[in-house]
Every structure is written in structure tokens, then in C-alpha cells.
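The values are calculated or read from the model by the stated rules, or taken from the named source; none is laboratory data. Everything numeric in this text was worked out from a predicted model, so none of it was measured. Cβ sites come from the backbone with ideal geometry, for glycine too, and all protein chains shown count toward neighbours. Ligands, DNA and RNA are excluded from the accessible area calculation, which covers all protein heavy atoms including side chains. Shrake-Rupley method; radii C 1.70, N 1.55, O 1.52, S 1.80 Å.
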Amino acid sequence: MITENLFSDVLLIKGDIFEDIRGSFSEIYNREAYNNNGIKNSFLQDNISFSKDPGTIRGLHFQNSPFSQGKLLRVIKGSIEDFFIDLRPSSSTYEKFSSIKLNYKSGSIYIPHGFAHGFCTLEKDTIVMYKVDQFYSKKHESGIRWNDNFFRINWPLNNIEPIISEKDANLPFWDDIKNKTDL
């Protein structure tokens with residue numbers, strides 16, 4: 001297992017992919033291997049999302065304390081551009097973001113507590129699986145609008161209209177919630 005720091009504690013984890021005439025096999029999660037590489041989260045829940053079309057945006061989501069979540073994410077089918085925004089006031093990258101393109105062969109990405117997270121699908125029929133280390137809490141859920149001018153994220157839409165849930169389209173802007181955020 002190879003771990004690469006992408007951006008302020010966000011890690012890309014690459015494992016072996018074994019390919020033969022049948023297809024491929026890879027280990028998605030091994031607690032001992034992750035612990036040995038500094039990821040000691042106790043993941044409690046697995047989630048999966050299926051997006052039919054390219055240009056589907058999911059996010060930018062986070063949960064407030066005490067339900068803040070660390071995430072371990074992997075693309076099962078298709079590809080995405082994954083975005084992560086550092087919302088930790090004590091961090092040197094506070095209010096900055098980065099992204100990475102991911103597909104099945106990319107490996108997993110670890111996003112620690114204190115980040116808003118979202119992605120845009122790049123292909124049809126994209127499946128993303130992720131583990132979280134805290135249960136979902138409607139009372140503590142929050143997010144930032146996908147097109148917030150504070151961050152000016154350049155989503156990879158390639159001249160197509162984004163597909164966004166009504167809930168995500170109505171998330172607040174960062175300036176309206178940053179003093180109320182407790183991660």
C-alpha cells in the first residue's frame with residue numbers, strides 16, 4: 001500500500017490491482033494496513049452512490065461536531081473529479097481546496113474530519129463507494145453551495161448543464177455559515 005499526501009492531510013491510497021484474463025481483483029479496505037499507514041479511523045458505515053450521467057454534482061457536504069466525518073472513498077465504476085475544501089480554522093490551508101480525478105485504478109482517497117467534500121461525475125453510470133467514521137445526523141448535516149463565489153470551483157462540466165439535487169442546489173453560501181460551522 002502506498003500513501004501520498006495530496007493536500008493538507010487528504011491522502012491518496014494506492015493498493016495492488018491484480019489483473020488476468022477474467023478482469024481484476026483489488027483489496028478495498030484492510031484495517032491493519034490502514035492503521036499501519038496512519039489512518040486509524042473506525043469506519044462505521046458504508047455508502048454507495050450511482051450517477052447515471054456525466055456532469056452530476058454531489059456536494060459539497062460536511063457534518064458539524066460531534067458528527068463530523070472522516071471519509072474513505074473509492075470509485076467502483078466510471079470516473080469523477082473529487083473536490084475537498086479545508087474548513088479547519090487552525091489549518092494553514094483553511095478555506096482552500098484541491099481536487100483529483102479518480103477512477104477504479106486510482107485507489108482510494110482519505111478525507112479527514114474538517115473538510116467539505118463533493119464530486120462531479122465524468123462518465124455515464126458512475127458508482128462511488130465510501131466509508132464514514134460517524135453516522136449520518138440530519139441535525140448536524142451542512143454543506144456549501146456547489147457554485148459558491150468564495151471558492152470559485154471550476155467543475156469539469158465540459159459545456160453541459162450540471163445535474164444537481166434540489167437539496168444541494170439550495171445549500172447555503174460559505175459566507176452565510178462559516179461563523180456557525182463547528183467541525
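Keeping the other protein chains in place, figure out the carbon and sulfur percent of the accessible area of the chain, with a 1.4 Å probe.
Ligands and nucleic acids excluded, carbon and sulfur reach 47 percent.
Report, in listed order, any pair from LYS101/LYS124; LYS101/LYS138; LYS14/LYS105 with a Cα-Cα distance greater than 19 Å.
Flagged as over cut-off: LYS101/LYS138.
Please express the shape of region 140-183 as an equivalent ellipsoid: the semi-axes are the square roots of 5 times the eigenvalues of the C-alpha gyration tensor, given largest first in whole angstrom.
22, 13, 7
Which listed residue (SER79, PHE50, ASN5) has the Cα farthest towards the positive end of the charge dipole for region 1-119, taking +1 on Lys and Arg C-beta and -1 on Asp and Glu C-beta about the Cα centre?
Toward the positive end, the furthest listed residue is PHE50.
Leaving out ligands and nucleic acids, and using a 1.4 Å probe, what accessible area per residue does region 61-183 come to in Å²?
49 Å²
Among all the lysines, which ones have a C-alpha under 22 Å from LYS139's C-alpha, if same-chain residues fewer than 8 places away are not counted?
Candidates past the 8-residue exclusion: LYS71, LYS131, LYS167, LYS178, LYS180.
Mind listing P(r) for region 88-142? All alpha-carbon pairs, 5 Å bins, whole percents.
Bin by bin from 0 Å, the calculated values are 4, 12, 23, 21, 21, 14, 5, 1.
How large is ³J(HN,Hα) for each residue in region 86-103, as worked out from phi by the Karplus curve 6.51 cos²θ - 1.76 cosθ + 1.60 (θ = phi - 60°), to whole Hz, x for Gly and Pro?
3J(HN,Hα) across region 86-103, in whole Hz: 7, 10, 8, x, 7, 7, 5, 10, 3, 6, 10, 9, 8, 8, 8, 7, 10, 9.
Identify which of the listed values of mean projected area of the Cα convex hull in nm² was calculated from the structure shown: (i) 9.5; (ii) 13.1; (iii) 10.9.
Step by step, mean projected area of the Cα convex hull in nm² for this structure corresponds to label (iii).
Pairs of Cα atoms under 8 Å, at least six residues apart: use those to get the relative contact order of region 28-116, whole percent.
So the answer I get is 31 percent.
Going out from 0 in 5 Å bins, what whole percent of all Cα-Cα distances in region 22-82 drops into each bin?
4, 11, 20, 21, 20, 17, 7, 1, 0, 0
Shape verdict for region 48-132, please, from the Cα gyration tensor: rounded (a/c under 1.5), prolate (a/b greater than b/c) or oblate.
Taking the square roots of the gyration eigenvalues as a ≥ b ≥ c, region 48-132 is prolate.
Of all GluC sites (Glu not before Pro) in region 12-58, which ones are in loop regions per DSSP and have a Cβ with at most 14 other Cβ atoms within 10 Å?
GLU27
Taking DSSP loops as anything outside H, G, I, E and B, show the longest stretch in the chain free of trypsin sites (Lys or Arg not before Pro) there with at most 11 other beta carbons within 10 Å.
By the stated rule (loop sites, at most 11 other Cβ atoms within 10 Å), 53-151.
Between SER42 and TYR29, what is the label-to-label distance in nm when each label sits 7 Å out along the Cα-to-Cβ direction?
So the label points at SER42 and TYR29 sit 1.4 nm apart.
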